[in-house]
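The next block holds one structure in the form of structure tokens; read it before the comments.
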Amino acid sequence: MFILLPPVLFAATIYMCLGRLIRLLQGEHLSLIRPSRLTKVFVSFDILSFFVQGNSAPFSALADKNPIFPKLGQALVLIGLTIQLLSFSAFFVVARKFHNSIKAQPTQASSQVDQSWHKVFRMLYYTSILIIIRSFFRLVEFAMGNDGYLLGNEWPLFVFDTIPMLAVCVLFFTWYPSCLAGVKTKGQSNLCVELESQMFVEGPLSKS
């Protein structure tokens, strides 16, 4: 079960990063979802996915009590993975739409801050795609059942689960805002300082 849940734990940071970036660039009007609600909306879906998948374990443990319990457990896992897959897919669309909009209609803030914010978007895209691939693999894996090829062989697990999640860790380490140190000049803001200050302190940029 703990192998299934890592994307949920990565998700909150990914969602929060986009919300803070939208506020920093003062592009609230260009976002499909208000930044003040964006993290809450997607984290709510992830919490739902977490509990649905987590509650499947007791049913699997009760297989000797009733043969229908394992099927119920499998159904809960599939539902949870579907929620997770749809949530990340929707997030990718929201992030992509905002990025395209702010490039087409740049705000004053987007021109003044350290331009390494584009790297943050690339990090969001790549991590989201990797988690979508991993979630889709898990969905197909459990849909095929215990006798399916994917559960019966180890190599798909390493290729479509272990490697994508390791890549997500590497991308976070490489492109996470705290590592995007820029040279602060007159009239410009350091992206790292701005983003990290929003992680812990509510200020003018946190207002929608």
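The values are calculated or read from the model by the stated rules, or taken from the named source; none is laboratory data. Keep in mind the model is a prediction, meaning the values are calculated, not measured. Ideal geometry is used to build each Cβ from the backbone, glycine not excepted, and the neighbour counts take in all protein chains shown.
Picking from residues in the range 176-195 that are under 28 Å from residue 84 (Cα atoms) and crowded, with 16+ Cβ neighbours inside 10 Å, the one that is modelled with the highest pLDDT is 176.
The range 48-151 holds helices (runs of 4 or more DSSP H) entirely within its bounds, and those carrying 1 or more residues that are touching a strand residue (DSSP E or B) at 6+ places or on another chain (Cβ under 7 Å) map to 108-112. Taking the criterion of being of a type outside the set (D, E, K, R) and free of Cβ contacts under 8 Å to residues at least 40 places away in the same chain, the residues of the range 94-114 that qualify are 99, 100, 104, 106, 111. Listed by first and then second residue, the pairs with beta-carbon distance under 7 Å, at least 6 apart or on different chains, first residue in the range 66-86 and within 18 Å of residue 41 (Cα to Cα) and exposed (fewer than 14 other Cβ atoms within 10 Å of the Cβ), second aliphatic (A, V, I, L, M) and modelled with pLDDT under 85, form an empty list. Checked against (1) under 23 Å from residue 21 (Cβ atoms); (2) loosely packed, with under 14 Cβ neighbours inside 10 Å; (3) modelled with pLDDT under 90, residue 152 passes all but condition (1). Quick check on residue 122: is it under 19 Å from residue 136 (Cβ atoms), free of Cβ contacts under 8 Å to residues at least 60 places away in the same chain, of a type in the set (D, E, K, R) and touching a helix residue (DSSP H, G or I) at 6+ places or on another chain (Cβ under 9 Å)? Considered against the rule, which asks whether it is under 19 Å from residue 136 (Cβ atoms), free of Cβ contacts under 8 Å to residues at least 60 places away in the same chain, of a type in the set (D, E, K, R) and touching a helix residue (DSSP H, G or I) at 6+ places or on another chain (Cβ under 9 Å), residue 122 comes out as no. Restricted to the range 99-121, and to residues there that are modelled with pLDDT of 90 or more and within 30 Å of residue 162 (Cα to Cα), the residue that is surrounded by the fewest Cβ atoms within 10 Å (Cβ to Cβ) is 121. For the range 52-66, indicate whether the set of residues that are modelled with pLDDT of 85 or more and over 30 Å from residue 27 (Cα atoms) is non-empty. Yes, there is a match, as at least one residue in the range 52-66 is modelled with pLDDT of 85 or more and over 30 Å from residue 27 (Cα atoms).
For the range 1-27, which residues satisfy the criterion of being of a type in the set (A, V, I, L, M), assigned to a helix (DSSP H, G or I) and either buried (at least 20 other Cβ atoms within 10 Å of the Cβ) or modelled with pLDDT under 80 (or both)? Once the filter is applied, which keeps residues that are of a type in the set (A, V, I, L, M), assigned to a helix (DSSP H, G or I) and either buried (at least 20 other Cβ atoms within 10 Å of the Cβ) or modelled with pLDDT under 80 (or both), the range 1-27 yields 8, 9, 11, 12, 14, 18, 21, 22, 24.
Here residue 173 meets the list (1) more than 16 Å from the chain's Cα centre (by Cα); (2) part of a helix (DSSP H, G or I); (3) modelled with pLDDT under 85 almost entirely, failing just condition (1).
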